[in-house]
Amino acid sequence: MMFKTSSAVVCCAFLAACGGGVGGSGGVASFGELENQFSSIGSSFTVADITQPSDLPSSGTANFQGVMEYRIAGNPALNLAEIEFLGEATLNVNFATGEVAGRGELFRDVNNNPVAGAIRLETTTINPNANPPFAGNTVTGTASGALQGGDGILYSLQNGTYAGNFAVGVDFFSGGLQGQTSPTGQPTRPVTALIRTENTN
């Protein structure tokens with residue numbers, strides 16, 4: 001289940017407990033492993049489980065791990081296909097200061113080729129006045145970075161923003177990202193991403 005916000009598409013399905021990073025044995029996860037992990041999110045979370053800012057801890061920290069699904073829109077008129085990358089997502093939250101930061105990295109394309117670069121979720125603060133899912137999101141911020149696949153084209157993220165919420169207390173964090181990219185020799189292409197993570201503390 002998903003709901004839209006004014007700043008991003010925020011996913012309301014979260015990772016079931018998996019007992020560690022996506023790679024399992026500590027190695028870099030394949031596209032298939034990332035896809036399976038991403039697809040396993042669903043039944044454990046509904047909109048009713050979104051945690052309100054007033055119910056978050058006032059101290060302590062939490063680390064979240066999961067998957068970022070990153071999509072660059074296609075343009076059929078120019079014979080440009082949609083591009084999909086999957087990567088490992090991490091998020092670090094300091095409940096005492098309200099600071100939140102994260103990143104997506106170790107991306108793979110649909111053919112399981114490694115994708116260079118990373119997407120950064122810039123440090124922001126928890127919004128204590130939000131009332132998700134009806135009035136704003138608990139976490140909003142900017143995103144930046146660049147990814148480069150096997151085609152050698154650099155896809156730099158421009159005007160990136162993200163938003164998200166905690167659910168089932170602080171067991172999960174899920175969010176959405178949007179922006180655009182203007183690769184050399186191509187028109188500007190919209191970028192969207194979904195971030196699905198679980199608390200590993």
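The values are calculated or read from the model by the stated rules, or taken from the named source; none is laboratory data. All values reported here derive from a predicted model rather than from experimental measurement. All Cβ positions, even for glycine, are placed from backbone atoms using ideal geometry, and neighbour counts span all protein chains on display.
What to note about this one:
- Candidate set from the range 69-128 (those that are of a type in the set (S, T, Y) and modelled with pLDDT under 95); member that is surrounded by the most Cβ atoms within 10 Å (Cβ to Cβ): T124
- Residue match in the range 147-162 (condition: modelled with pLDDT of 95 or more, touching a strand residue (DSSP E or B) at 6+ places or on another chain (Cβ under 6 Å), small (G, A, S) and crowded, with 19+ Cβ neighbours inside 10 Å): yes
- The set of residues in the range 163-196 being closer than 21 Å to Q37 by Cβ, surrounded by 17 or more Cβ atoms within 10 Å (Cβ to Cβ) and among the hydrophobic types (A, V, I, L, M, F, W, C) consists of F166, A167, V170, F172, F173, L177, A193, L194, I195.
- Test for G169: is it part of a strand (DSSP E or B) and either within 25 Å of N111 (Cα to Cα) or out of contact with any Lys or Arg (no Cβ under 6 Å at 6 or more places or on another chain) (or both): no
- Looking across the range 43-68 at every residue that is surrounded by 13 or more Cβ atoms within 10 Å (Cβ to Cβ) and of a type in the set (G, A, S), the one that is nearest to R103 (Cα to Cα) is identified as G66.
- Number of the exception - A8 against (1) at pLDDT 55 or above; (2) buried (at least 18 other Cβ atoms within 10 Å of the Cβ): (1)
- Evaluation of E82 against (1) within 15 Å of the chain's Cα centre (by Cα); (2) farther than 22 Å from E198 by Cβ; (3) among the acidic types (D, E) (one fails), failing number: (1)
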